[in-house]
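Chemist: Let me begin by handing over the structure; questions about it come next.
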Amino acid sequence: MARRAHLLSLLDELIAARSRRDFARLDRLMCDDVTYYLAGQRMLMPYAGIFEGRAAVRQALYALDVEFEFSDLCVDNILVEQEAMAVRWSARWTNRGTGESAFLPAFAHLTFDGDRLKGCTDFVDTAAAAKLAGWGA
C-alpha cells in the first residue's frame, strides 16, 4: 500500500509540474533515459511518436504547448501495480491560434524506476486533436 501511495504522489507531482510548464521540475522527476510515446503520426503532429531521453521528451511537450493550451484536467480510474500505473484522463485542448477547443478523453500508461518516471505512453483522440490543429476535416 505504501508504494501505491508513493506512486500516486509522484503522479500528482508530475501533473502539477506539467500544468505549470515547470520543465526543470519535470526533468528532476524523469529518468535520464525516459521515453514518451504519443500515438499518432509525426508527419501530421510534431509531438506524436516516440521520444527518448529528457531532451526529446521536453521537445515533444514544448511542441504540444506551442499548438495547444490545456485546461480542466480530470484524472480518474487510476490502476497502480508495482512500478506501473494506468490512468484515464481528459482535458480541454484549445488551439492557441484559432481559439477552437474540445474536451478530449485520453489514457496513459506510466512506468517508474524508483522515484522517477521511466516511460509514458499517451493514447489521446488524435483525430480530434488534428482537427483542432487544422489538419483534419
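The values are calculated or read from the model by the stated rules, or taken from the named source; none is laboratory data. Model, not experiment: these values are computed from the prediction. No Cβ is skipped: glycine too gets one built from the backbone with ideal geometry, and neighbour counts run over all protein chains shown.
Chemist: Checking LEU64 against (1) assigned to a helix (DSSP H, G or I); (2) loosely packed, with under 14 Cβ neighbours inside 10 Å, which single condition isn't satisfied?
Modeler: Exception for LEU64: condition (2).
Chemist: Further, regarding this structure: So in the range 40-56, with the set limited to residues that are in contact (Cβ under 8 Å) with a residue 40 or more places away in the chain and of a type in the set (A, V, I, L, M), which one is surrounded by the fewest Cβ atoms within 10 Å (Cβ to Cβ)?
Modeler: Residue satisfying both the conditions and the ranking: LEU44.
Chemist: Here's something else I'd like to know. Do we have TYR47 as in a loop (DSSP other than H, G, I, E, B), under 13 Å from the mean Cα position of the chain (by Cα) and farther than 30 Å from ARG3 by Cα here? Don't jump to the end; show me each part of the working.
Modeler: Working: in a loop (DSSP other than H, G, I, E, B): yes; under 13 Å from the mean Cα position of the chain (by Cα): yes; farther than 30 Å from ARG3 by Cα: yes.
It is true that TYR47 is in a loop (DSSP other than H, G, I, E, B), under 13 Å from the mean Cα position of the chain (by Cα) and farther than 30 Å from ARG3 by Cα.
Chemist: Look through ARG28, ARG4, ARG18 and report the one residue that is in a helix (DSSP H, G or I), in contact with a helix residue (DSSP H, G or I) (Cβ under 7 Å, 6 or more places away or on another chain) and either of a type outside the set (A, V, I, L, M, F, W, C) or surrounded by 14 or more Cβ atoms within 10 Å (Cβ to Cβ) (or both).
Modeler: Values: ARG28 fails: in contact with a helix residue (DSSP H, G or I) (Cβ under 7 Å, 6 or more places away or on another chain); ARG4 fails: in contact with a helix residue (DSSP H, G or I) (Cβ under 7 Å, 6 or more places away or on another chain).
It is ARG18.
Chemist: Same structure, new question: Considering only the range 70-82, state which residues are surrounded by fewer than 14 Cβ atoms within 10 Å (Cβ to Cβ) and more than 14 Å from ASP122 (Cβ to Cβ). Explain how you work it out, then say what you get.
Modeler: Of the residues in the range 70-82, the ones surrounded by fewer than 14 Cβ atoms within 10 Å (Cβ to Cβ) are 71-74, 76-77, 79, 81-82.
Within the range 70-82, SER71, ASP72, CYS74, ASP76, ASN77, LEU79, GLU81, GLN82 meet the criteria.
Chemist: Which of the residues that make up the range 1-37 are small (Gly, Ala, Ser) and touching a residue at least 24 places away in the same chain (Cβ under 8 Å)? Steps first, please.
Modeler: Step one: of the range 1-37, the residues small (Gly, Ala, Ser) are 2, 5, 9, 16-17, 19, 24.
SER19 - this is the single residue of the range 1-37 that is small (Gly, Ala, Ser) and touching a residue at least 24 places away in the same chain (Cβ under 8 Å).
Chemist: Something else now. Going through the range 73-96 one residue at a time, which ones are touching a residue at least 12 places away in the same chain (Cβ under 8 Å) and either outside any strand (DSSP E or B) or out of contact with any Ser or Thr (no Cβ under 9 Å at 6 or more places or on another chain) (or both)?
Modeler: ILE78, VAL80, GLN82, GLU83, ALA86, VAL87, ARG88, TRP89, SER90, ARG96
Chemist: What's the number of the only condition in (1) on the phi > 0 side of the Ramachandran plot; (2) modelled with pLDDT under 90; (3) out of contact with any Ser or Thr (no Cβ under 8 Å at 6 or more places or on another chain) that GLY134 fails to meet?
Modeler: Status for GLY134: all satisfied but (3).
Chemist: If we keep just the residues of the range 83-137 that are surrounded by 14 or more Cβ atoms within 10 Å (Cβ to Cβ) and among the hydroxyl-bearing types (Ser, Thr, Tyr), which is nearest to the chain's Cα centre (by Cα)?
Modeler: Here the residue is THR121.
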